[in-house]
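Scroll down for the structure; my scribbles are underneath it.
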Amino acid sequence: MAVQTPTTTPCASGAPFSSLRFCAGQRVIPGIRTAVYYTAKENITAWPTLPQPTDKDVTLAKLATYEGNFTLKADKKWQRIDLVTNKGNVEWETQGERPSCTFLNKLTASHPGTAEEAAGFCSVAQNADLVFLVQQRDGKFRVLGNEMFETVVKPKGSLGEGTSTNASTDIEIEATDVVPAPFYPGEIDTADDGKISGATGKPVAAA
């Protein structure tokens with residue numbers, strides 16, 4: 001009698017499942033802060049990396065957190081987009097089928113105004129492959145965009161109506177990834193705010 005070959009091969013270590021606990025009284029503040037940073041993928045010369053579920057000593061937290069720093073071309077920096085207060089959000093949802101499931105990460109943000117610069121950004125961003133860094137209320141940054149999949153940017157806007165509606169440029173972003181908007185604690189070399197920490201948003205002390 002022939003021996004049936006197994007359809008899967010055991011891995012060196014399994015997925016790092018552990019408890020997800022929540023302390024009573026712990027505060028979770030929703031929303032994002034009033035700016036995001038972005039750059040074109042062609043400006044990135046080195047990417048941080050995400051651990052794999054089978055890596056030694058990996059944890060659930062490490063699995064969702066980039067290791068290392070983004071490195072940009074010598075003459076490039078992360079650019080800033082100011083946002084309307086309390087009008088931005090990051091969402092994610094599962095897509096695909098096992099064993100190829102991924103996440104569709106989405107950013108919805110609103111820039112106040114419809115000036116020439118905002119219109120110019122819309123005209124080039126809709127056809128560009130970009131990476132966005134979004135800051136949570138607690139200071140930590142999340143990433144939308146990666147090396148594997150193209151980022152889709154869908155700008156739209158309104159001049160407003162009457163005297164009580166907003167004139168704004170809205171930016172909708174979709175990025176497929178293997179992690180829901182991965183965390184990035186590394187350095188962010190910005191054009192407007194100098195070098196800041198992806199873990200806190202605070203300035204990075206000069207070496």
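The values are calculated or read from the model by the stated rules, or taken from the named source; none is laboratory data. Predicted model only: the values in this text are computed from it and were never measured. Quick reminder, even Gly has a Cβ in these numbers, built from the backbone with ideal geometry, and neighbours come from all protein chains shown. Only protein heavy atoms, including side chains, enter the accessible area calculation; ligands, DNA and RNA are left aside. Shrake-Rupley method; radii C 1.70, N 1.55, O 1.52, S 1.80 Å.
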Quiz item: If you take the residues of segment 89-102 that are of a type outside the set (A, V, I, L, M), under 12 Å from the mean Cα position of the chain (by Cα) and at pLDDT 95 or above, which of them is most open to solvent (accessible area, probe 1.4 Å)?
Solution: Trp92
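Could we say that Lys106 is of a type in the set (Lys, Arg) and crowded, with 17+ Cβ neighbours inside 10 Å here? Give the derivation first.
Details: of a type in the set (Lys, Arg): yes; crowded, with 17+ Cβ neighbours inside 10 Å: yes.
Judged against the criteria, Lys106 is a match.
Quick one: which of Lys195, Lys140, Lys156 is under 15 Å from Val90 (Cα atoms) and either of a type in the set (Phe, Trp, Tyr) or open to solvent by 10 Å² or more (accessible area, probe 1.4 Å) (or both)? Please lay out each step first, then the result.
On the way: Lys195 fails: under 15 Å from Val90 (Cα atoms); Lys156 fails: under 15 Å from Val90 (Cα atoms).
Testing whether each residue is under 15 Å from Val90 (Cα atoms) and either of a type in the set (Phe, Trp, Tyr) or open to solvent by 10 Å² or more (accessible area, probe 1.4 Å) (or both) leaves just Lys140.
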Quiz item: What pairs come up if the first residue lies in segment 68-80 and is within 20 Å of Ala118 (Cβ to Cβ), the second is open to solvent by 90 Å² or more (accessible area, probe 1.4 Å), and their beta carbons are under 7 Å apart, counting only those six or more places apart or on different chains?
Solution: Arg80/Asp192
Self-check item: Residues that are touching a residue at least 40 places away in the same chain (Cβ under 8 Å), under 25 Å from Ile173 (Cα atoms) and not aromatic (Phe, Trp, Tyr), drawn from segment 32-61
Solution: Ile32, Arg33, Thr34, Ala35, Val36, Thr39, Ala40, Lys41, Glu42, Ile44, Pro48, Leu50
Quiz item: Looking at segment 46-67, which of its residues are modelled with pLDDT of 95 or more, surrounded by 13 or more Cβ atoms within 10 Å (Cβ to Cβ) and not hydrophobic (A, V, I, L, M, F, W, C)?
Solution: Pro48, Thr65, Tyr66
Quiz item: If you scan segment 109-137, which residues turn out to be under 25 Å from Tyr184 (Cα atoms) and hydrophobic (A, V, I, L, M, F, W, C)?
Solution: Ala109, Phe121, Ala125, Ala128, Leu130, Val131, Phe132, Leu133, Val134
Practice problem: Hey, can you tell me all the residues within segment 111-151 that are more than 13 Å from the chain's Cα centre (by Cα) and among the aliphatic types (A, V, I, L, M)? | Solution: Ala115, Ala118, Ala119, Val124, Ala125, Ala128, Met148
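Looking at Phe132, is it hydrophobic (A, V, I, L, M, F, W, C) and part of a strand (DSSP E or B)? Quick ask: steps written out before the conclusion?
Working: hydrophobic (A, V, I, L, M, F, W, C): yes; part of a strand (DSSP E or B): yes.
Yes.
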Quiz item: Which condition breaks for Asn86 when tested against (1) surrounded by 12 or more Cβ atoms within 10 Å (Cβ to Cβ); (2) within 16 Å of Ala35 (Cα to Cα)?
Solution: (1)
Self-check item: Inter-residue pairs, beta-carbon under 8 Å, first over 25 Å from Glu117 (Cα atoms) and in segment 140-158, second charged (D, E, K, R) and in a strand (DSSP E or B), 6+ apart
Solution: Asn146/Asp177; Met148/Asp177; Phe149/Asp177
